[in-house]
Amino acid sequence: MLVSNQTQYSKGDLVSFKLANGDEIVAEIVDSTTFGWTIKKPCVVVPSQQGIGLMQALFTGKVDANMDLSKNSVLLHAETVAELHSHYWKTTTGFELAPKASIAK
């Protein structure tokens, strides 16, 4: 099993997981345990002509329910790139994050 050096994530971290079945999911961390992670709002990464898309992983499950993800099912994991954060929040909440403010010179 291949894993990144970081095995502990904090509550609220957005993490990408490559699963043994080939799927890649992005999920919010609720807790890290010895056997895996407790996650919520998992989304499957879906490639498209417009770029990377996200789709809810469970259509019939409660979206905000905590779910356990076993380390035995995960090949790789890493913190999700910042560019995907706003897309994830829009997919899971329906709201867009406001862009970071900048001071123009």
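The values are calculated or read from the model by the stated rules, or taken from the named source; none is laboratory data. These figures come from a predicted structure and were not determined experimentally. A quick note on method: Cβ atoms are made from the backbone with ideal geometry, for glycine too, and the neighbour counts reach across all protein chains shown.
General observations
- Of all residues in segment 54-68, those satisfying the criterion of being under 12 Å from the mean Cα position of the chain (by Cα) and either in a helix (DSSP H, G or I) or surrounded by 13 or more Cβ atoms within 10 Å (Cβ to Cβ) (or both) are 54, 56, 57.
- The selection criterion, being touching a residue at least 24 places away in the same chain (Cβ under 8 Å), surrounded by 15 or more Cβ atoms within 10 Å (Cβ to Cβ) and part of a strand (DSSP E or B), holds for residue 25.
- Any chance residue 15 is β-branched (Val, Ile, Thr) and modelled with pLDDT under 95: no
- Yes/no for residue 85 being part of a helix (DSSP H, G or I) and under 11 Å from the mean Cα position of the chain (by Cα): yes
- Residues in segment 35-51 that are more than 13 Å from the chain's Cα centre (by Cα) and either modelled with pLDDT under 90 or part of a strand (DSSP E or B) (or both): 36, 47, 48, 49, 50, 51.
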